[in-house]
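Below is one structure; the comments refer to it alone.
The values are calculated or read from the model by the stated rules, or taken from the named source; none is laboratory data. A quick note: this is a predicted structure, and the numbers were derived from the prediction, not measured. Cβ: placed from backbone, ideal geometry, glycine included. Neighbour counts: every protein chain shown. When the accessible area is computed, the model is the full protein with side chains, heavy atoms only, and any ligands, DNA or RNA have been set aside. Shrake-Rupley method; radii C 1.70, N 1.55, O 1.52, S 1.80 Å.
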Amino acid sequence: MSYIEDLIQVDSVRWLADVIEEPKIAFHSNSMIAQMNAAAGGLGIVMLPSFATRDRPDLIPVLPTLAGTVREVWLNVHSDLQFAPRIRAVRAFLKNTLKQDPDMQVTLADVVPQPRTADCKNP
């Protein structure tokens, strides 16, 4: 199962191409939920992020150590707001949430620039 190529709006869902060069696709849908339901109904194997299947006991991982891929998570913020307490709180929340989830297997690069002392009035 895979996404309909012409309708993919976000390149990060092209994860099947990271694992298999020429997959045999039995079902195309741009809905991850439709793909999950098709797999649960016995139509085939679907590659899904682990968080999507957490509450789906009808979906069983079959190649967890052989098939995997990596994606980056970006937080886009206007440069005037990057050090605002609310933005820093969201960033810290996301970082901690991803670190605590063993299924995410993330490496967190701290690429956010640090404020200069003159820029940071309320740290």
Under the 7 Å Cα-to-Cβ spin-label approximation, R88 and I45 lie apart by a distance in nanometres of 4.7
How far apart, in nm, are two points set 7 Å out from the Cα along the Cα-to-Cβ line at L66 and at H78?
5.0
Ignoring ligands and nucleic acids, what accessible area does D58 show with a 1.4 Å probe (Å², nearest 10)?
80
Exposure of L43 as accessible area (Å², to 10), given a probe of 1.4 Å and all protein chains
90
Diffusion coefficient in µm²/s returned for the range 28-100 by Stokes-Einstein, Kirkwood Rh over C-alpha pairs, 25 °C and 0.890 mPa s, is 161
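At 0.36 nm per residue, and after removing the present C-alpha to C-alpha distance, how many nm does the segment from R54 to I20 gain when stretched out fully?
9.9 nm
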Report T97's accessible area, 1.4 Å probe, all protein chains in place, as a number in Å² to the nearest 10.
70
